[in-house]
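Below is one structure, written out as structure tokens; the observations come after it.
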Amino acid sequence: MSINRRKFMKLTGLTAIGLAVGTTPKICSGISSRPQGLQGSETGKRLAMVIDLRKCVGVGECDDCIKACHFSHNVPDFGNPKDEIKWIWKESFEHAFHEQEHAYLDESLKHAPALVLCNHCDNPPCVRVCPTQATWKREKDGIVMMDWHRCIGCRYCIVACPYGSRSFNWRDPRPFIKEINPDFPTRTRGVVEKCTFCEERLARDLQPACVDACKEKAMFFGDLEDPGSEIRKLLSENFSIRRKPGLGTQPEVYYIV
Amino acid sequence: MLEKALSGDKRYWVWVFSLLVLIFIGFMFYLRQFGYGLGITGLSRDVTWGFYIAQFTFLVGVAASAVMVVLPYYLHDYKMFGKITILGEFLAIGSVIMCMTFIFVDMGQPFRIINVFLYPTLHSMMFWDTVSLGGYLVLNIIISRVTLNAERMSIAPPRWIKPVIILSIPWAVSIHTVTAFLYSGLAARPFWLTAILAPRFLASAFSAGPVLLILFCLILRKLTKFDAGREPVQKLALIVTYAMAINVFFIMMELFTAIYSDIPHHVSHFEYLYFGLGDKATLVPWMWTSSILAVLSLILLFNPGTRRNESTLVIACVAVFISLWIDKGLAMVVAGFIPSPLGSVTEYWPTLPEFMISVGIYAMGLLVVTGLYKIALTVRGEYAARVS
Amino acid sequence: MYDAGKIIIGLIIFFVLITFPIWYNMASGEALDVPELEKAAKGEQCVRDTDYMTTNHMDLLNEWRDQVVRDGERYETGPDGVTYERSLSKTCLDCHVNKDKFCDRCHNYAAVDPYCWDCHIDSKELQ
């Protein structure tokens with residue numbers, strides 16, 4: 001049979017479209033059905049952290065929690081604020097609690113460092129915007145997780161986070177890790193990272209590294225769904241605040257002031 | 001028809017070669033960036049999207065603006081635009097290709113971009129932006145090819161192309177709306193968290209795009225036998241006038257809400273842009289230039305005398321384009337990050353590699369548009385140089 | 001065919017060039033030096049049997065990746081009742097201690113460059 005070039009191209013094009021349409025259902029079935037914004041399922045946990053800033057105040061240059069976290073997770077130190085990666089750090093009270101500070105606050109509180117980290121929000125905007133679900137909210141315990149294999153480095157999650165909790169690997173981190181912890185992988189350049197509530201330690205029934213390292217016992221970690229847990233007790237007995245509560249993100253890091 | 005882009009006179013090849021050189025240089029810089037990481041740009045922990053994403057945002061607008069010639073001609077039978085719809089569609093193709101390339105060079109792991117399609121995430125605006133841009137590219141390729149081919153054979157285009165063209169009209173609006181949605185749904189960034197962002201994007205797109213079309217028409221009239229005619233250019237100028245007026249009005253609306261409410265996290269971004277915060281004031285001269293050019297362009301455009309005079313029209317068009325490019329391609333994205341959600345002020349300026357990669361991508365877009373325009377003009381027998 | 005002589009010669013040259021990897025490998029005999037992998041330093045058996053691992057270890061690692069990272073299921077129990085972590089660095093390299101004498105040997109031979117090692121740590125490399 002004779003076929004001219006245009007007919008052939010048309011046939012090829014239609015075949016390609018047909019194949020593409022045929023595989024669409026298969027691709028769509030891979031759509032994650034992870035629900036967002038859980039308030040804690042019946043059988044699951046709702047992990048949260050309570051930081052007692054009263055105990056954190058006045059301990060000078062102490063950064064045991066930061067050192068512990070950054071060591072156990074191979075967080076690099078680039079030495080400049082442009083490339084900086086931090087999972088947990090000290091921010092001034094004024095910056096951490098933008099709308100809850102005033103000029104007449106107690107002096108010690110005003111200049112106190114507030115420990116900030118990912119809040120593992122119940123209604124996380126970062127999860128909502130991620131185009132590949134490289135970050136998602138775990139059903140079983142509410143941790144906002146990171147999958148460094150899937151992250152394409154678009155940094156949309158960083159843009160969406162109201163707390164500045166996330167960092168990006170602007171360059172290869174390996175040469176800048178002071179002391180490598182062989183029990184945890186590093187990341188590669190081009191992916192976003194943040195605190196994961198030490199889920200790898202939780203799997204071994206350990207507390208998060210920062211909570212463990214705090215000599216002043218200012219940090220507490222536990223399950224909000226468990227009415228008998230230590231953090232539930234702390235929250236019911238002390239006044240606590242959260243960062244930017246008005247945004248509806250439902251952060252799960254509480255600060256006792 | 002593609003082979004028509006491969007034949008041309010000396011001026012054509014000099015232009016193509018210069019673009020290829022720029023593309024090559026940009027590509028070399030990109031290899032450096034790929035090896036080192038995005039840290040080679042001016043981006044930082046605080047300002048995490050910058051020049052690349054801003055160019056993407058600006059160019060999505062230019063791509064969407066094809067609708068400004070397609071709608072009158074195909075939906076309302078405004079025959080005057082008959083000769084230039086193909087120019088609008090080809091400009092859209094070039095712009096979308098540039099958009100996609102700007103996204104590619106901004107990714108930390110570009111070869112994982114396929115993950116967006118392997119794991120489609122319906123609640124992510126970035127997923128929908130990819131879908132809509134891809135669809136718009138396909139639409140414009142089909143429409144331009146079918147209509148130009150029909151013209152080449154001096155027959156009417158097939159009837160099924162009409163609904164496809166009509167589809168491209170709301171689709172054009174949707175691509176820029178979705179791009180605005182990337183920004184306007186983020187509680188973390190009060191500078192962008194405004195319902196007027198999408199309308200503002202569209203208004204500035206419908207000014208910047210047609211302005212480029214006007215300039216292209218005038219350039220083509222000078223360099224080739226293609227003459228769009230006086231009337232279409234004047235109509236486009238009128239469209240630009242109204243779109244630019246609406247855009248400036250929208251900016252003033254934003255300024256009012258921010259300044260009158262005096263809420264610090266709304267005002268501070270505008271304060272940074274127009275006055276600087278402390279000694280951090282890099283964008284201040286740019287913002288005032290943009291505003292002055294916007295006012296100047298409106299004066300020239302509203303006044304019928306200067307609008308009808310093609311020399312002053314050119315000045316107005318260039319003023320509009322530069323003003324809007326500063327607004328979208330420099331200010332809008334960067335100012336969303338300054339101050340940061342924690343209140344710190346970290347400035348941003350593109351580095352040399354970042355700039356040269358961007359120049360390379362613009363050159364690539366211009367090359368695509370050049371080649372496509374060459375095809376269109378050759379098909380119409382209007383390529384040959386004007387004998388003046 | 002116009003210029004038949006030139007075209008046919010051109011086609012032959014093209015064919016020779018494009019099949020270079022095939023005939024060069026056959027001629028040089030380098031491909032016959034199939035790499036020998038170092039035996040595991042400890043352990044009775046691997047987490048899966050050898051035939052499966054030879055052809056599918058990359059699929060197993062991908063499965064483990066999704067199970068650990070996305071499902072949070074870090075541990076699995078072997079047929080001998082021993083529980084171990086689904087980890088490249090901590091489990092695989094626990095027995096196959098020398099990556100360069102095990103993993104790299106086949107990978108280099110097959111010109112495969114998996115990027116696991118960009119992130120996952122080879123403890124020996126650190127020393």
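Let me spell it out: the conditions are (1) more than 24 Å from B:Leu75 (Cβ to Cβ); (2) out of contact with any Cys (no Cβ under 9 Å at 6 or more places or on another chain); (3) part of a helix (DSSP H, G or I), and B:Val116 meets all of them except one. Which number is the exception?
(2)
Is there any pair linking a residue in region B:182-195 that is within 7 Å of chain A (Cβ to nearest Cβ) to one that is among the polar types (S, T, N, Q), with Cβ under 8 Å and at least six apart or on different chains, and which?
B:Ala187/A:Thr249
What is the residue count in region B:119-165 for residues that are part of a helix (DSSP H, G or I), under 11 Å from A:Pro131 (Cβ atoms) and free of Cβ contacts under 8 Å to residues at least 60 places away in the same chain?
6
Go through (1) within 13 Å of chain B (Cβ to nearest Cβ); (2) assigned to a loop (DSSP other than H, G, I, E, B); (3) in contact with a Gly (Cβ under 9 Å, 6 or more places away or on another chain) for A:Lys45 and report which single condition fails.
Result: A:Lys45 passes all but (1).
Of the residues that make up region B:34-51, is at least one within 21 Å of the chain's Cα centre (by Cα) and surrounded by fewer than 22 Cβ atoms within 10 Å (Cβ to Cβ)?
Within region B:34-51 (the criterion being within 21 Å of the chain's Cα centre (by Cα) and surrounded by fewer than 22 Cβ atoms within 10 Å (Cβ to Cβ)), the answer is no, since none of the residues qualifies.
If I go through region B:216-256 residue by residue, how many of them are out of contact with any Phe, Trp or Tyr (no Cβ under 8 Å at 6 or more places or on another chain), of a type in the set (Phe, Trp, Tyr) and buried (at least 18 other Cβ atoms within 10 Å of the Cβ)?
Total satisfying the criteria: 1.
Given (1) hydrophobic (A, V, I, L, M, F, W, C); (2) buried (at least 18 other Cβ atoms within 10 Å of the Cβ); (3) farther than 28 Å from B:Val320 by Cα, where does B:Ala172 come up short, assuming only one miss?
Going through (1) hydrophobic (A, V, I, L, M, F, W, C); (2) buried (at least 18 other Cβ atoms within 10 Å of the Cβ); (3) farther than 28 Å from B:Val320 by Cα one by one, B:Ala172 breaks only (3).
Step by step: first the residues of region C:87-127, then only those that are part of a helix (DSSP H, G or I) and among the small types (Gly, Ala, Ser), then the one that is farthest from the other protein chains (Cβ to nearest Cβ). Which residue is that?
Taking region C:87-127 first, the residues part of a helix (DSSP H, G or I) are C:88-95, C:99-101, C:103-109, C:115-118, C:123-126.
Narrowing the set further to residues that are among the small types (Gly, Ala, Ser) leaves C:89, C:123.
On the way: C:Ser89: 7, C:Ser123: 5 Å.
Filtering region C:87-127 for residues that are part of a helix (DSSP H, G or I) and among the small types (Gly, Ala, Ser), the one farthest from the other protein chains (Cβ to nearest Cβ) comes out as C:Ser89.
In region B:38-60, is there at least one residue being in contact with a helix residue (DSSP H, G or I) (Cβ under 9 Å, 6 or more places away or on another chain), modelled with pLDDT under 95 and farther than 19 Å from B:Lys328 by Cα?
no
I'm trying to understand the selection: among the residues of region A:218-256, which are out of contact with any strand residue (DSSP E or B) (no Cβ under 8 Å at 6 or more places or on another chain) and more than 14 Å from chain B (Cβ to nearest Cβ)?
A:Glu225, A:Asp226, A:Pro227, A:Gly228, A:Lys233, A:Ser236, A:Glu237
Among the residues of region A:145-165, count how many are within 19 Å of A:Glu91 (Cβ to Cβ) and more than 9 Å from chain B (Cβ to nearest Cβ).
Residues that pass the stated criteria total 1.
If you go through region C:25-36 one residue at a time, do you hit one that is modelled with pLDDT of 85 or more and surrounded by 15 or more Cβ atoms within 10 Å (Cβ to Cβ)?
Taking every residue of region C:25-36 in turn, none turns out to be modelled with pLDDT of 85 or more and surrounded by 15 or more Cβ atoms within 10 Å (Cβ to Cβ).
Would it be correct to say that B:Tyr348 is within 30 Å of B:Tyr30 (Cβ to Cβ) and within 20 Å of the chain's Cα centre (by Cα)?
In short, no.
Pick out the one residue from B:Ile259, B:Ile292, B:Ile263 that is loosely packed, with under 14 Cβ neighbours inside 10 Å, more than 14 Å from chain A (Cβ to nearest Cβ) and closer than 25 Å to B:Gly343 by Cβ. It would help to see each step written out before you state the result.
Values: B:Ile292 fails: closer than 25 Å to B:Gly343 by Cβ; B:Ile263 fails: more than 14 Å from chain A (Cβ to nearest Cβ).
B:Ile259 is the lone residue from the list that is loosely packed, with under 14 Cβ neighbours inside 10 Å, more than 14 Å from chain A (Cβ to nearest Cβ) and closer than 25 Å to B:Gly343 by Cβ.
Look at B:Phe191 and say whether it is within 22 Å of the chain's Cα centre (by Cα), on the phi < 0 side of the Ramachandran plot, surrounded by 17 or more Cβ atoms within 10 Å (Cβ to Cβ) and not in a helix (DSSP H, G or I).
It is true that B:Phe191 is within 22 Å of the chain's Cα centre (by Cα), on the phi < 0 side of the Ramachandran plot, surrounded by 17 or more Cβ atoms within 10 Å (Cβ to Cβ) and not in a helix (DSSP H, G or I).
Quick check on my filter: what residues within region A:171-198 are within 23 Å of A:Cys157 (Cα to Cα) and either of a type in the set (S, T, N, Q) or in contact with a strand residue (DSSP E or B) (Cβ under 7 Å, 6 or more places away or on another chain) (or both)?
A:Thr186, A:Arg187, A:Thr188, A:Val192, A:Glu193, A:Lys194, A:Cys195, A:Thr196, A:Phe197
Identify, by number, the condition in (1) outside any loop (DSSP other than H, G, I, E, B); (2) in contact (Cβ under 8 Å) with a residue 60 or more places away in the chain; (3) within 14 Å of chain A (Cβ to nearest Cβ) that B:Gln55 doesn't meet.
All conditions are met except number (3).
Please enumerate the residues belonging to region A:216-249 that are part of a loop (DSSP other than H, G, I, E, B) and either farther than 22 Å from A:Cys69 by Cα or touching an Asp or Glu at 6+ places or on another chain (Cβ under 6 Å) (or both).
A:Ala218, A:Leu224, A:Glu225, A:Asp226, A:Pro227, A:Gly228, A:Ser229, A:Asn238, A:Phe239, A:Lys244, A:Gly248, A:Thr249
Of all residues in region B:268-314, which are assigned to a loop (DSSP other than H, G, I, E, B) and over 21 Å from B:Ile219 (Cα atoms)?
Listed by number, the residues that qualify are B:Phe275, B:Gly276, B:Gly278, B:Asp279, B:Ala281, B:Thr282, B:Leu283, B:Asn303.
All but one of (1) within 30 Å of C:Lys101 (Cα to Cα); (2) free of Cβ contacts under 8 Å to residues at least 24 places away in the same chain hold for C:Pro35; which doesn't?
(2)
Taking into account only those residues within region B:266-278 that are within 20 Å of B:Pro341 (Cβ to Cβ) and in contact (Cβ under 8 Å) with a residue 12 or more places away in the chain, which is nearest to the other protein chains (Cβ to nearest Cβ)?
Filtering first and then ranking leaves B:Ser268.
If you go through region A:75-120 one residue at a time, how many are assigned to a loop (DSSP other than H, G, I, E, B), among the hydrophobic types (A, V, I, L, M, F, W, C) and touching a strand residue (DSSP E or B) at 6+ places or on another chain (Cβ under 7 Å)?
Residues that pass the stated criteria total 4.
Taking C:Leu60 as meeting all but one of (1) away from chain A (no Cβ under 13 Å); (2) in contact with a Phe, Trp or Tyr (Cβ under 9 Å, 6 or more places away or on another chain); (3) exposed (fewer than 14 other Cβ atoms within 10 Å of the Cβ), write down the number of the exception.
Answer for C:Leu60: the failing condition is (3).
Have a look at B:Val345, B:Val359, B:Val320, B:Val334 and point out the one that is surrounded by fewer than 21 Cβ atoms within 10 Å (Cβ to Cβ), part of a helix (DSSP H, G or I) and touching a helix residue (DSSP H, G or I) at 6+ places or on another chain (Cβ under 9 Å).
Checking each option against the conditions leaves just B:Val359.
Would region A:158-176 turn up any residue that is more than 21 Å from A:Lys137 (Cβ to Cβ) and touching a Pro at 6+ places or on another chain (Cβ under 7 Å)?
Checking region A:158-176: at least one residue is more than 21 Å from A:Lys137 (Cβ to Cβ) and touching a Pro at 6+ places or on another chain (Cβ under 7 Å).
Would you say A:Cys151 is crowded, with 23+ Cβ neighbours inside 10 Å, farther than 26 Å from A:Asp223 by Cα and modelled with pLDDT of 95 or more?
yes
Regarding C:Tyr115, is this residue at pLDDT 90 or above and either among the β-branched types (Val, Ile, Thr) or out of contact with any helix residue (DSSP H, G or I) (no Cβ under 6 Å at 6 or more places or on another chain) (or both)?
yes
The values are calculated or read from the model by the stated rules, or taken from the named source; none is laboratory data. The structure displayed is predicted, hence computed values, not measured ones. All Cβ positions, even for glycine, are placed from backbone atoms using ideal geometry, and neighbour counts span all protein chains on display.
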